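Here is the structure we will look at, set down as structure tokens.
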Amino acid sequence: MDIISAAISKIADLLVEPVGRQFRYMFCFNNFVQEFKEQKENLVSVKDRLQDAVRVAERNAEEIYEDVIKWLEEANNGIEGAKPLENEIEKNGKCFTWCPNCMRQFKLSMALAKKSETFRDLRKTSKKLTTVSCKDAPQPKEFLPSKEFMLSKSSEEAFEQIMKALKDDNVNMIGVWGMGGVGKTTLVKEVGRIAKDSKLFDEVLMASVSQTPKVKDIQNRMADMLGLKIEGNSEEGRADRLRKILEKVKKLLIILDDVWEVIRLEEIGIPFGDAHGGCKILLTTRLKDICSYMECQQKVFLRVLSEEEAWALFKINAGLRDEDSDLNRVAKEVAKECQGLPIALVAVGKALEGKSKNEWEVASEDLKKSQSRHVGKYDDRKNAYACLKLSYDYLKYEETKLCFLLCCLFPEDYEIPIEQLTRYAVGYGLYQDKSIEGIRKRVYMEIEYLKACCMLLGSKSEEYVKMHDLFRDVAIQIASEKYGFMVNAGRIGLLEWPTSNKSFEGCTTISLMGNKLAELPEELVCPQLKVLLLELDDDLNVPERFFEGMKAIEVLSLKGVCLSLQSLQFSTNLQSLILIECECKDLIWLRKLQRLEILGFMWCSSVEELPDEIGELKELRLLDVTGCENLRRIPVNLIGRLKKLEELLIGDTSFNGWDVVGCDSTEGMNASLTELNSLSHLAVLSLKIPKVECIPIDFVFPRLLKYDIVFGDRDYYSEIVYPTSKSLYLGDISAASLNAKTFEQLFPTVSLIGFCNVEGLENIVLSSDQMTIHGHGSQKDFLQRLEDVHVVDCGDIRTLFPAKWRHALKNLRRVKIELKKLN
């Protein structure tokens, strides 16, 4: 009987529920309308947020997941499909529960309930879409299409041999050899690009080896191309980590460029042979024997250009026309002196472009007379030196020539920071009566011109430049003979101070970057020395009297040394003092360097306090303490006394202990942000403000040309070494705490803005009160200048830009969003 009773009860429930629902359809029409509208609005909100995220991902060239695309299609179809129902609602009116057409209202209620349920299900599904896209590995710059690659008979033959060997399972080591400047690097870059684009390999990696290979640099380059970092200091540990990473890549091509000696692949961490059957090595070298020593199964020789090919390349770069037969006759003689070497043909052609016939004839005579004075040094390059030197001689301005020569101070294959060149140029007095930013622009202009002349090469970004090793050799030779340069930068791995038959007394510039010297001489007599660059791998004590014989020195750059500033007390002509990763003592002796214009303590962990004596340096124009993680004190009014200061670079991992009030100095008190307002020449600023309390009431940032300012925290972002734009980062703060008055000089000009864990941030335009800046415009001005936006873990954000302002985004080129989940 119990079983029968339970069954009857269940049947009753099943009957009553549908009947009740039918009555609701009939008499609760307004409830169904309200539910329908709410569910639709919620779905539209979720769909818009997801669509914004997709739009950002597509702008960043990311691949959108299929389930996201499918969901958006279903959501759009559902919303579009609801329009007939909305029309029906309008026809039925808004506030009645009964009408003569009962059946019509009954059916509409049923349809609304069903559509509401569809909307509700779509919203539930959206919660599973935590990410919308995957990031493709960035295309390495090495493998972007190259304008430099010109197919010649020799390069075509070499290219076909290489590609055939890459497809041969029995070949895993390929060597390309030929004389310097013939185009080996350009060829293998093109091979790498084709191999990557055609999916012949899962990954294609490339690293430059050079005459003094550095295992750590090669490891880092490969990891960078994979978008990874290798932790650890020991080469063995790093090699093991890299090996484990590379073993996971099924088909792998590794290009090792400019090999001069046998490379032990296991020391780098390259799995090869039996350890990884899918890994192939493609190397380039000037020495045929290296191909044999490295056991290359396929050896590919890249010849110089034929006479016809050489003339075609030369003619293009010299801008010659067929109708100029008389000039072309002389030009062909010049081209012949380049002996088929592409780098010489391009450089000489560009140097003589637009010159008169007389100048062409003089150049031809000069090249013929040179008779390879440097054959002993340049061996197989024959007349390469004379050809490349000709392009130097035809540079119009001495400043351009000096910029070119300064580039040879860096080691071979070095990524040369243009900012470093700028600071050397300031100290060298290269451009008089210019602001530092003005000099920086001039240096960039010179670099661009030298790149256009093919005398310098592009690099990983616009802030760096590279020098072809042939041009570097030529520059060193010119600088040595004409200007008294002595360059032993990382070429031979010096362990001892270099000895030479000639005295150091005639040297004007010495570069010993990238060496491992065990000790320095007690005293160096260099009365004419203007520039000294020492960058060492290990901490090395600088003798107290080391600088006594360098009275004329103007630029001093030291890395990895232990130094007492007392040893510089007689170097009173110093204009640029750059100390990187140095242990510095006796900083009070800086007061002796009254001509100092640039002072840098970068990543010097020993610097805990800046001496008050720095305030006495009345000529100081740039102060850089980036990365000084232990810097806790900057005395009150030290910064305010530097009236000529143009650039203050502190960064966000150095000093951040700004005093709240900035009143009279007492024990332990620090500088205040108010001191910045007394610097009338300040144009570039990089610093961190940890909390709101650090900002004085009514403080307004000075007008700036460039800045990188962190308000709050920037754990997510890597530190900017030098500001190249106008960047503002806001992290771990409340949006309500932002004061428009404080940032009125920044918000209207910012080009990159980053938000990380900003509470209450609904969109990046903030509120009307915060973004309407007195005297500088409004939201529209802010958005029109905006180029980059970063948003990380801002859970309250509803949309990036309010719809009414999106038309103002004229310069936006990149948006990066990372949220823990989509609400």
(message) Give me the residue from the range 407-452 that is among the small types (Gly, Ala, Ser) and touching a residue at least 12 places away in the same chain (Cβ under 8 Å) and, out of that set, farthest from Ile578 (Cα to Cα).
(response) Ala452
(request) Determine whether the range 42-56 contains at least one residue that is more than 40 Å from the chain's Cα centre (by Cα) and at pLDDT 65 or above. (result) yes
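Residue-by-condition table, conditions (1) over 18 Å from Ala158 (Cα atoms); (2) open to solvent by 50 Å² or more (accessible area, probe 1.4 Å); (3) touching a residue at least 40 places away in the same chain (Cβ under 8 Å):
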{"site": "Cys296", "(1), (2), (3)": "no, no, yes"}
{"site": "Leu302", "(1), (2), (3)": "no, no, yes"}
{"site": "Leu305", "(1), (2), (3)": "no, no, yes"}
{"site": "Glu308", "(1), (2), (3)": "yes, yes, no"}
{"site": "Leu313", "(1), (2), (3)": "yes, no, yes"}
{"site": "Ile316", "(1), (2), (3)": "yes, yes, no"}
{"site": "Ser325", "(1), (2), (3)": "yes, yes, no"}
{"site": "Asn328", "(1), (2), (3)": "yes, no, no"}
{"site": "Ala331", "(1), (2), (3)": "yes, no, no"}
(message) Six or more apart or on different chains, Cβ atoms under 7 Å: show the pairs whose first residue is in the range 195-206 and at pLDDT 85 or above and whose second is of a type in the set (Lys, Arg).
(response) Phe201/Lys251; Asp202/Lys250; Asp202/Lys251; Val204/Lys196
(message) What's the number of the only condition in (1) at pLDDT below 80; (2) in contact with a Leu (Cβ under 6 Å, 6 or more places away or on another chain) that Lys91 fails to meet?
(response) (2)
(message) Just to be sure I understand, how many residues within the range 279-302 are outside any helix (DSSP H, G or I), at pLDDT 85 or above and not β-branched (Val, Ile, Thr)?
(response) 12
(request) Working only within the range 595-632, note down all residues that are over 23 Å from Pro723 (Cα atoms) and either within 30 Å of the chain's Cα centre (by Cα) or open to solvent by 40 Å² or more (accessible area, probe 1.4 Å) (or both). (result) Arg595, Ser606, Glu608, Glu609, Asp612, Glu613, Glu616, Lys618
(message) What's the total number of residues in the range 244-268 that are assigned to a helix (DSSP H, G or I) and under 26 Å from the mean Cα position of the chain (by Cα)?
(response) 3
(request) Among residues belonging to the range 398-454 that are part of a helix (DSSP H, G or I) and among the polar types (S, T, N, Q), point out the one that is farthest from Leu533 (Cα to Cα). (result) Thr400
(request) From (1) polar (S, T, N, Q); (2) open to solvent by 10 Å² or more (accessible area, probe 1.4 Å); (3) at pLDDT below 90, pick out the condition that doesn't hold for Gln420. (result) (3)
(message) Please count how many residues of the range 544-594 are within 23 Å of Leu409 (Cβ to Cβ), open to solvent by 10 Å² or more (accessible area, probe 1.4 Å) and either among the aliphatic types (A, V, I, L, M) or in a loop (DSSP other than H, G, I, E, B) (or both).
(response) 8
(request) Restrict the check to the range 356-373 and report whether at least one residue is among the charged types (D, E, K, R), modelled with pLDDT under 80 and surrounded by 21 or more Cβ atoms within 10 Å (Cβ to Cβ). (result) no
(request) Identify the residue in the range 185-194 that is open to solvent by 20 Å² or more (accessible area, probe 1.4 Å) and touching a residue at least 40 places away in the same chain (Cβ under 8 Å) and, among all such residues, is farthest from Gly340 (Cα to Cα). (result) Arg193
(request) Answer yes if at least one residue in the range 444-458 is open to solvent by less than 20 Å² (accessible area, probe 1.4 Å) and over 20 Å from Tyr394 (Cβ atoms), and no otherwise. (result) no
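The values are calculated or read from the model by the stated rules, or taken from the named source; none is laboratory data. For clarity, every value in this text was computed on a predicted model and none was experimentally measured. Counting neighbours? That spans all protein chains shown, and the Cβs are built from the backbone with ideal geometry, glycine included. Remember, those area values only see protein heavy atoms, side chains included, never the ligands or the DNA or RNA. Shrake-Rupley method; radii C 1.70, N 1.55, O 1.52, S 1.80 Å.
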